[in-house]
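Below: the structure, in structure tokens.
The values are calculated or read from the model by the stated rules, or taken from the named source; none is laboratory data. Since the structure is predicted, the reported quantities are computational estimates derived from the model, not experimental observations. When we count neighbours, we look across all protein chains shown, and the Cβ atoms used for this are built from the backbone with ideal geometry, even at glycine.
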Amino acid sequence: MRPRTLDEMVGQSHLLGEGRLLRRQIEAGRIPSMILWGPPGTGKTTLANLLAGRQGAAFEVLSAVSAGVRDIRAVVERARTRRMHESRPTVLFVDEIHRFNKAQQDALLPHVEAGVCRLVGATTENPSFEVNAALLSRARVFPLRPLGIGDLVALMRRALVDAERGLGRPEVQVEDGLLAAIAHTADGDARRALSSLEAVVDLLPPGQVELTRALASEALGGQPLRYDKDGEEHYNVVSAFIKSLRASDADAAVYWLARMLEAGEDPVFVARRIVIFASEDVGNAEPQGLVVAQAAADAVRFVGMPEAVLHLSQATTFLALAPKSNAALRAYSAARKAVKRYGALPVPLVVRNAVTNLMKDVRYGVGYRYPHDLEGGVDQEHGSYLPDAIVRRQQDGTEPRFVEPSDRGWEGRAAAELARRRGGGPAQPAARAGEEPSPDHGAPGRPVATTTATDALPARSPDVTKPSEPESSPGDG
């Protein structure tokens, strides 16, 4: 079922939709070197094939799992010969490029830079960490998203009737709701969805043309299906769970938790949502929230079902009753906007690490004072270690502060100390979670009772009704 044209591809409309950047470049015949970053089964290999075919280029494939520098040189030599004698370009597709070591990645650099071949790398890992900076600077990163339920249903419908590349079973009858349930088990992976469909069709008894829920469950190893005719109930229930937690509605939160688990939802998925919620919606208003959530996630893996419902229920009720703050989400969002707006601003000299004599000569680290050697463990004389350009804008009010704590729970009590530090007043050590900031400089704080959710109104943050997208928010929803 591999697409032959761009129009046959499902999903990735953010890259291939009408008017989108990659679509415009492909149609104009300008194909840059690129890294395709996305989970399995989202079309990375297919897209690379289509790019080469659209340009009339030769398509060379290397797997970073088995290829070495010798293989790279052989491909490059063929590309150079092809370019010289046939005036034909070459697209070099490197699957799992993150598995190349630095030497192997460096071996590609001069040839990509000279235009001997166009590099299309595919990776499931974050290229920022797995691909070296020199190669990244010569290739554009395009994130591919998991295929949506609708995309997978359309693909399975196409496979049923396609006799050449698919199953060629147009007589088979199946409701969209059942296809959606199968798609849910594929986690956005087209290959998994098609393999699952093939397994279900293979179980059809002679003379039967209707796919049933029982057949699908048997084909998928007895895995319970999140089955509904609209194909969206799964995410409706997740949304209800998160919004109940955010609203401090403990009864509703536990109900929706039970709805998910009793329907056969993966408890690890639920635990992941709870861990994300602990930072996104509770945060430092109750720092123990993340500890409880992560402990529950670890217990789910260690204990397993059905007893793991106890750990998930405990974490759910704790977070529902905890004070709420989305300051962590807002802080990162503000800092991220500044990074995108101003680019890679230079690190102030005062906080650079002077590890050579040359660095010392150009005043790396000059003026830095080790806080632990100072009274209260805080350098009261330093202004900010932010880049100078951001400091100036924050001072004149054109750039907001990144960290704006709420007035709830521990975070509210610690906010006063942050304000004192920003205002240049006498500083004192920040209180540990569960302690009041001490009124005496450097004195230990005294334990206080945990603040309950009735002390503050819940904060709002983006709704979760569908799988997250790479550029949406720090969490996966």
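Residues checked against (1) under 18 Å from S406 (Cβ atoms); (2) in the same structural domain as V254 (by TED's automatic domain parsing); (3) surrounded by 16 or more Cβ atoms within 10 Å (Cβ to Cβ); (4) more than 21 Å from the chain's Cα centre (by Cα):
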site	(1), (2), (3), (4)
V282	yes, yes, yes, no
A299	no, yes, yes, yes
T317	no, yes, yes, yes
R330	yes, no, yes, no
Residue list for segment 68-96, restricted to those being closer than 25 Å to N126 by Cα and in contact (Cβ under 8 Å) with a residue 12 or more places away in the chain: G68, V69, I72, V91, L92, F93, V94, D95, E96
For segment 209-320, please list each of the helices (runs of 4 or more DSSP H) lying entirely inside it that holds at least 3 residues being farther than 30 Å from A416 by Cα and modelled with pLDDT under 90. 213-219, 233-246, 250-262
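Results for (1) assigned to a helix (DSSP H, G or I); (2) modelled with pLDDT of 90 or more; (3) surrounded by 17 or more Cβ atoms within 10 Å (Cβ to Cβ); (4) aromatic (F, W, Y), shown as yes or no for each residue.
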| position | (1), (2), (3), (4) |
| --- | --- |
| S66 | no, no, no, no |
| L92 | no, yes, yes, no |
| Q105 | yes, no, yes, no |
| L108 | yes, no, yes, no |
| L119 | no, yes, yes, no |
| F129 | yes, no, no, yes |
Given (1) assigned to a loop (DSSP other than H, G, I, E, B); (2) buried (at least 19 other Cβ atoms within 10 Å of the Cβ), where does R88 come up short, assuming only one miss? (2)
On the basis of being part of a loop (DSSP other than H, G, I, E, B), surrounded by fewer than 20 Cβ atoms within 10 Å (Cβ to Cβ) and outside the structural domain of G41 (by TED's automatic domain parsing), does E198 make the cut? no
If only one of A344, A338 is in a loop (DSSP other than H, G, I, E, B) and more than 18 Å from R259 (Cα to Cα), which one is it? A344
What tally of residues in segment 9-43 results from selecting those that are touching a residue at least 40 places away in the same chain (Cβ under 8 Å) and within 18 Å of G150 (Cα to Cα)? 11
Can you confirm whether R30 is of a type outside the set (G, A, S) and not in a loop (DSSP other than H, G, I, E, B)? no
Name every residue in segment 22-45 that is over 20 Å from Q105 (Cα atoms), surrounded by fewer than 18 Cβ atoms within 10 Å (Cβ to Cβ) and either of a type outside the set (D, E, K, R) or modelled with pLDDT under 85 (or both), in order of residue number. Q25, E27, A28, G29, R30, P39, P40
Odd one out for N101, checked against (1) more than 19 Å from P143 (Cα to Cα); (2) within 23 Å of the chain's Cα centre (by Cα): (2)
Say whether the condition of being over 26 Å from H14 (Cβ atoms) and surrounded by fewer than 21 Cβ atoms within 10 Å (Cβ to Cβ) is met by at least one residue in segment 174-181. yes
Of the candidates L144, L211, the one satisfying the condition of being in contact (Cβ under 8 Å) with a residue 24 or more places away in the chain and either under 25 Å from the mean Cα position of the chain (by Cα) or closer than 23 Å to G11 by Cα (or both) is L144
Contact list, first residue from segment 363-389 and surrounded by 15 or more Cβ atoms within 10 Å (Cβ to Cβ), second anywhere and of a type in the set (V, I, T) and assigned to a helix (DSSP H, G or I), beta-carbon distance below 6 Å, six or more apart or interchain, is Y368/V350
